[in-house]
Amino acid sequence: MTPNEQRVLYGLVRYPSLNDSELSEKINVKLSTLTSIKRRLHDQNVFRQMLVPLLNRLGSELLAVIYTQFNPVIPLEERVSITKKTIEVFDEIFFSTGEQEKGFSISLAKNYSSIGRIDDIRTETFGSLGLLEKEYPSEVIFPFESSEIIRFFDFSRVLQSMFNIEDADERKSDGHDFDMDQVHSLSSKEKKVYTALIQYPTATTQQIGEIVGLSRHTVSRMKKKFFDLHLLKHLTIPDLKQLGFEILSFYHYQFSPGKAPSIEDIMYLDASSTVFLARRKYELVMVSAYQTYQEYKEDKMKKIRFLKENDFISYTPLVRKYMFERMVFMKNFVFHPIANKIIE
């Protein structure tokens, strides 16, 4: 990538809510250059722009992470075709990926019973087809009331490190996006507009108006309200495989009883490779992206050493390595079905 292409992609990921002219000023790239680079990268599927529903303010109580070790004898294609029909159809799951003998998914849900139902069906389906190796699928539940979602698929730091870009702006965590400050309810027209915006994130207000049968002005007013109430957030996701990243790693740490890490300790674990991080007092799930195996190995060992030296863990924690070359995405940030379900 040229330096300008790197700056534009980094800018799109780092400042997803800015329009083209604001971004052009922010990253110091001429507007005409920015728009042509943006169009080219978009056409090559180098990035995706989306609107994430902040359903914690509309009645969703939790985020759930499920991970599973599979029987390696069953081919990946066969497993994917089974799970697509039986498991991935659930609206709650917005992200699901895997490779030959392992996989994980992330869901948003109204309450625990809806996640429990999916888990039972998952275990029954996998078990009856001989897909499970030795263990049940593992679940980690993050109730918004008592958890922190510190990073929610923020890829700007991995790109900054890859492109070696200087950035003096202060970084905020994503924690405040998932606070349980107030639950709102939407009118039937607002519900239509809300889910249409999530399903068609790059559509103009005019196009959304045509889809839902309302005027552009009405859609525009509602969209502003959703952002004012923090019911939506902009997110730009780069295609890391295209950019040459090799590894996505999944970490699950359970801390020693009575020895919960402080927020400073968590921030030590939150390296620039981290794209997702959710924690409760004694538990943490993290997803990180690495350009090389060496980077992955060093970061993994650094984290384990820190946790053991400070007595936060007394065992070797679960770390699973996914190779982008071999990964399959069953659901890749599909939010509108669960948004629809939570607000219906």
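Quick notes
- For segment 227-260, the set of trypsin sites (Lys or Arg not before Pro) satisfying both a DSSP loop assignment and a count of at most 15 other C-beta atoms within 10 Å is given as Lys241, Lys259.
- Largest first and in whole Å, the equivalent-ellipsoid semi-axes of segment 1-44 read 14, 11, 10, each the square root of five times a Cα gyration tensor eigenvalue.
- Those aspartates and glutamates that a straight Cα-Cα span of less than 12 Å connects to Lys300, excepting residues fewer than 8 apart in one chain: Asp270
- Note on segment 185-228: along the principal axes its Cα atoms extend 24, 18, 17 Å, ordered by decreasing extent.
- Ranked from largest, the principal axis spans of the Cα set of segment 55-164 equal 41, 40, 23 Å.
- Highest to lowest packing among 214-227, 127-140, scored as the average C-beta count within 10 Å: 214-227, 127-140
- Put simply, when 58-70, 181-193, 199-211 are sorted by average Cβ atoms within 10 angstrom per residue, most first, you get 58-70, 199-211, 181-193.
- Measure of compaction for segment 106-175 (Cα Rg per 2.2 N^0.38 Å): 1.67
- Mean Cβ neighbour count within 10 Å, used as a protection proxy, ranking 88-97, 291-300 highest first: 88-97, 291-300
- Scaled against the 2.2 N^0.38 Å expected of a compact globular protein of N residues, the Cα radius of gyration of the chain reads 1.01.
Coordinate-derived values only; no laboratory data. Computed from a prediction, not measured in an experiment: that's the story for all the values here. We place every Cβ from the backbone using ideal geometry, glycine too, and count neighbours over all the protein chains shown.
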